[in-house]
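Asker: I'd like to ask you about the structure that follows.
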Amino acid sequence: MQIYVCLKHVPDTAANITLKGQADYEAGAVKFVANPYDEYAVEEAVQLVEKDGSGEVVLVTLGPSEAVTTLRSSLAMGATRGLLVKTDEKFCDSKTTARALHAAILQDGSPDLIFTGKVAVDTEGSQTPYRLARLFDLPVANEVSALAINDGSAVAERELGAGNREVLEMKTPCVIGTTKGLNEPRYPKFPDIMKAKKKEIKELALADLDPALDPRPNLGKLEPVPERSGATMMEGSVEESVAQLIRTLKEGKML
Amino acid sequence: MYDDRKYTEENMPKTGILLEVENTELKDINFGLVTAARDTGANEVLAFTTEELGTEAQNDLARYGVSQLIRLRTDSADITSSPDNCAAACVQAAREYGLEYCLGLATAFGRDIFARMAALLDVELAADVLQIDFKAKTAVKSHFSGKTMATVSLQETPGLLTVRPNAISPVEQPATLESSVFQADIQSQAKVAVKEIKTSDDRKMDLTEAPIIITGGRPIGKPENYAMLQECADVLGGAVGASRAAVDAGYAPHSMQVGQTGKTVSPNLYLACGVSGAVQHFAGMKTSKVIVGINKDKDAPIFEKCDYGIVGDMFEVVPALTKALQQEKQG
């Protein structure tokens, strides 16, 4: 089984983002990790290849040279090798991203399955799996929290809200966007981390892959979200503070 | 005499919206979407749905400013159990009606259909936006899990956007509504088929759609204790959420989780009970209009980042709140 996992190199969700200029941030000050939702994708792919007994899991990343560290730590989860399509553009538009991933996979081999995370936590666009599927002319399901692959077909479950779930059926190969609940991503052990250091990571320049690929971020401005300045505290006994809260909320037409 | 008003109306940019309908009922979150699309009267709003809507729903849509209600139909393909076909029918309708913008809600349904439309049309999609400026052709959305706001440009036609439920408050602006049917002529391109909808036993309000949310953190202690929050939510007309710590401890299902790896919500009122105030939790709820923190620890970080606070044990405060709200209701 030949599985490709698209992995994004993103700022750690716990990191503070220091903005600079109109639409940029200080990348040097931030710790980067694999996009948290992509970890479910890596884990699922590794488990499928382990169960199948043959094949490989190839990680594909579009990002800066530093993304090699993110690829290494995900290779330690059991993936076979990595492809890094290099760009210095921090906010690559989603159309270019999908085209770059598509071209890199196509050049490398023939996918039986393609995984991505359901959304990247930096740009929050949620569209790469769909655009990839369109480029490959394959079925796609996103926000998948349960998956069964059997003889050329896939059955995926996605949450609809209010605890309801949708069961989708499609043929393989297909593109699956993963989310929490699908599996428990493993913590790599020391020997796995050592092994990952020797795994192959092939680097490609975006322009070499396809000269027509030109990232055009459509980002005009990036601003910090104004933080609340601190709570107005309700005072007195439990009953008194509750009464005060209800009064305050009513005045503000929140109730 | 030259009719100035009519001239303007005919040239108004057309904005299409895809309605969210559940069991033939129009969801309340649609009205904020109509308001967003209407842009205080600058745009004509065309509402699309695959379902048949009753008179009451039609009147409601008219009251918020929808001037055309269009039922999407097709004889050539199944659009109800195939998201691919539904997206293809929407794309065809967008072309046929000359829509400049197509807006949907950032719900499980809207996110899926609009991403499929974006892929089919090969145009950008502004996902989960909080504000739209049609004049400047920009929209504001979250970047970095709610830590920053990004202004993205809307340069392509049709401009595709999904709007976060409750982010834009509904404002009434009556229009005269006409209903019609659009017969889409599409070849089935169904690659994915919906086989089944697994419904949960208790029909609760979905978190992302709830106007009020009351969330319980890890101190809730056991799953049964969420009943106390549910009782309060029932009086408030809201839904119950959980923090990641509570979900990881097995007290609540992941479908109830608010925050980084859970749901992003934007209710009018968010009550956080026994939630410490981690960055990851705030990422999922900081766009709420009002946040109230209830925590035993007066030094809990949540109090630095919310609007109103009560220092107290949620097992005392919440029942007192429920009781006081019930008394208010009764008289």
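Asker: Tell me which residues, restricted to the stretch A:186-227, are open to solvent by 80 Å² or more (accessible area, probe 1.4 Å) and within 14 Å of chain B (Cβ to nearest Cβ).
Answerer: Within the stretch A:186-227, A:212, A:216, A:224, A:226, A:227 meet the criteria.
Asker: Output the number of the condition that residue B:263 fails; it satisfies all remaining conditions of (1) within 20 Å of residue B:204 (Cβ to Cβ); (2) open to solvent by 40 Å² or more (accessible area, probe 1.4 Å); (3) among the charged types (D, E, K, R).
Answerer: (2)
Asker: Pairs only if they're at least six apart or on different chains, beta carbon under 8 angstrom, first in the stretch A:101-126 and within 14 Å of chain B (Cβ to nearest Cβ) and among the acidic types (Asp, Glu), second open to solvent by 30 Å² or more (accessible area, probe 1.4 Å) and assigned to a loop (DSSP other than H, G, I, E, B); list them, first residue then second.
Answerer: Qualifying pairs under 8 Å: A:122/A:8.
Asker: A further question follows. Can you tell which of A:83, A:132, A:113 is under 18 Å from residue A:70 (Cα atoms) and open to solvent by less than 30 Å² (accessible area, probe 1.4 Å)?
Answerer: The conditions single out A:83.
Asker: Quick one: would you say residue B:277 is at the interface with chain A (Cβ under 9 Å from one of its Cβ atoms), crowded, with 17+ Cβ neighbours inside 10 Å and touching a helix residue (DSSP H, G or I) at 6+ places or on another chain (Cβ under 7 Å)?
Answerer: no
Asker: With respect to residue B:283, determine if the residue is open to solvent by 30 Å² or more (accessible area, probe 1.4 Å), within 10 Å of another protein chain (Cβ to nearest Cβ) and either of a type in the set (Gly, Ala, Ser) or on the phi > 0 side of the Ramachandran plot (or both).
Answerer: No, not satisfied.
Asker: Right, next: Restricting the search to the stretch B:159-194, which residues are in a strand (DSSP E or B) and charged (D, E, K, R)? If you could, list the steps in order and put the result at the bottom.
Answerer: Step one: list which residues in the stretch B:159-194 are in a strand (DSSP E or B), which gives B:159-163, B:178-183, B:192-194.
Once the filter is applied, which keeps residues that are in a strand (DSSP E or B) and charged (D, E, K, R), the stretch B:159-194 yields only B:178.
Asker: Also, quick follow-up: When both residues are 6+ apart or on different chains and their Cβ atoms are under 6 Å apart, which pairs have a first residue that lies in the stretch B:161-183 and is closer than 13 Å to residue B:129 by Cα, and a second that is acidic (Asp, Glu)?
Answerer: Every condition considered, the pairs that remain are B:162/B:128; B:164/B:128; B:165/B:209.
Asker: Taking the criterion of being part of a helix (DSSP H, G or I), of a type in the set (Ser, Thr, Tyr) and closer than 29 Å to residue B:149 by Cβ, would at least one residue in the stretch B:253-273 satisfy it?
Answerer: Yes, some residue in the stretch B:253-273 is part of a helix (DSSP H, G or I), of a type in the set (Ser, Thr, Tyr) and closer than 29 Å to residue B:149 by Cβ.
Asker: Can you find a residue that is under 21 Å from residue B:142 (Cα atoms) and more than 14 Å from chain B (Cβ to nearest Cβ) anywhere in the stretch A:20-36?
Answerer: No, that holds for no residue.
Asker: Taking only the stretch B:292-324 into account, find how many residues are assigned to a helix (DSSP H, G or I), buried (at least 19 other Cβ atoms within 10 Å of the Cβ) and more than 7 Å from every other protein chain (Cβ to nearest Cβ).
Answerer: Qualifying residue count, the stretch B:292-324: 4.
Asker: Could you check, for the stretch B:154-165, whether at least one of its residues is within 28 Å of residue A:228 (Cβ to Cβ) and of a type in the set (Gly, Ala, Ser)?
Answerer: First, the residues of the stretch B:154-165 that are within 28 Å of residue A:228 (Cβ to Cβ): B:161-165.
Add one more test, that the residue is of a type in the set (Gly, Ala, Ser), and what stays is none.
No: zero hits.
Asker: Something else about it: Pull up the stretch A:176-212, narrow it to residues that are in contact with a Ser or Thr (Cβ under 7 Å, 6 or more places away or on another chain) and not in a loop (DSSP other than H, G, I, E, B), then point me to the one that is nearest to residue B:259 (Cα to Cα).
Answerer: Among residues in the stretch A:176-212 that are in contact with a Ser or Thr (Cβ under 7 Å, 6 or more places away or on another chain) and not in a loop (DSSP other than H, G, I, E, B), the one nearest to residue B:259 (Cα to Cα) is A:177.
Asker: Residue A:66 - would you say it is open to solvent by 10 Å² or more (accessible area, probe 1.4 Å) and acidic (Asp, Glu)? Lay out the reasoning, then the answer.
Answerer: Details: open to solvent by 10 Å² or more (accessible area, probe 1.4 Å): yes; acidic (Asp, Glu): yes.
Against the criterion (open to solvent by 10 Å² or more (accessible area, probe 1.4 Å) and acidic (Asp, Glu)), residue A:66 qualifies.
Asker: Turning to a different aspect of this structure: Among the residues of the stretch A:13-45, write down those that are loosely packed, with under 15 Cβ neighbours inside 10 Å and either part of a helix (DSSP H, G or I) or in contact with a helix residue (DSSP H, G or I) (Cβ under 9 Å, 6 or more places away or on another chain) (or both).
Answerer: A:14, A:16
Asker: What's the number of the only condition in (1) open to solvent by 40 Å² or more (accessible area, probe 1.4 Å); (2) at pLDDT 95 or above that residue A:150 fails to meet?
Answerer: Of (1) open to solvent by 40 Å² or more (accessible area, probe 1.4 Å); (2) at pLDDT 95 or above, only one is false for residue A:150: (2).
Asker: Still on this model: Quick check on residue A:27: is it touching a residue at least 24 places away in the same chain (Cβ under 8 Å), closer than 16 Å to residue A:89 by Cβ and out of contact with any strand residue (DSSP E or B) (no Cβ under 7 Å at 6 or more places or on another chain)? Steps first, answer last, please.
Answerer: Numbers: touching a residue at least 24 places away in the same chain (Cβ under 8 Å): yes; closer than 16 Å to residue A:89 by Cβ: yes; out of contact with any strand residue (DSSP E or B) (no Cβ under 7 Å at 6 or more places or on another chain): yes.
Spelling it out, residue A:27 is indeed touching a residue at least 24 places away in the same chain (Cβ under 8 Å), closer than 16 Å to residue A:89 by Cβ and out of contact with any strand residue (DSSP E or B) (no Cβ under 7 Å at 6 or more places or on another chain).
Asker: Okay, next question. Say we look at the stretch A:228-244 and pick out the residues that are surrounded by 15 or more Cβ atoms within 10 Å (Cβ to Cβ) and either aliphatic (A, V, I, L, M) or more than 7 Å from chain B (Cβ to nearest Cβ) (or both); which of these is farthest from residue B:138 (Cα to Cα)?
Answerer: Within the stretch A:228-244, the match that is farthest from residue B:138 (Cα to Cα) is A:238.
Asker: Moving on to the next point. Looking only at the stretch A:160-175, which residues are in contact with a helix residue (DSSP H, G or I) (Cβ under 7 Å, 6 or more places away or on another chain) and under 30 Å from residue A:75 (Cβ atoms)? Explain how you work it out, then say what you get.
Answerer: Filtering the stretch A:160-175 down to residues in contact with a helix residue (DSSP H, G or I) (Cβ under 7 Å, 6 or more places away or on another chain) leaves A:160-161, A:163, A:175.
Listed by number, the list holds a single entry, A:175.
Asker: Now, a different point. Identify the single condition in (1) more than 9 Å from chain B (Cβ to nearest Cβ); (2) basic (Lys, Arg); (3) in contact (Cβ under 8 Å) with a residue 60 or more places away in the chain that residue A:247 does not satisfy, given that it satisfies every other one.
Answerer: The one condition residue A:247 does not meet is (3).
Asker: Among the candidates A:48, A:59, which residue alone is surrounded by 23 or more Cβ atoms within 10 Å (Cβ to Cβ) and either touching a residue at least 12 places away in the same chain (Cβ under 8 Å) or assigned to a helix (DSSP H, G or I) (or both)?
Answerer: Numbers: A:48 fails: surrounded by 23 or more Cβ atoms within 10 Å (Cβ to Cβ).
Being surrounded by 23 or more Cβ atoms within 10 Å (Cβ to Cβ) and either touching a residue at least 12 places away in the same chain (Cβ under 8 Å) or assigned to a helix (DSSP H, G or I) (or both) holds for just one of A:48, A:59, which is A:59.
Asker: For residues that are open to solvent by 30 Å² or more (accessible area, probe 1.4 Å) and among the small types (Gly, Ala, Ser), scanning just the stretch B:201-239, find the one that is nearest to the chain's Cα centre (by Cα).
Answerer: Filtering first and then ranking leaves B:237.
Asker: Can you say whether residue A:63 is in contact with a helix residue (DSSP H, G or I) (Cβ under 8 Å, 6 or more places away or on another chain), farther than 22 Å from residue A:98 by Cα and more than 14 Å from chain B (Cβ to nearest Cβ), as far as the supplied structure shows?
Answerer: So residue A:63 fails the test.
The values are calculated or read from the model by the stated rules, or taken from the named source; none is laboratory data. Note that the structure is a prediction, hence the values are computed from the model and not measured. Positions of Cβ are backbone-derived with ideal geometry, glycine not excepted, and every protein chain shown enters the neighbour counts. The protein model used for the area step is the full one, side chains on, heavy atoms only, and it has no ligands, DNA or RNA in it. Shrake-Rupley method; radii C 1.70, N 1.55, O 1.52, S 1.80 Å.
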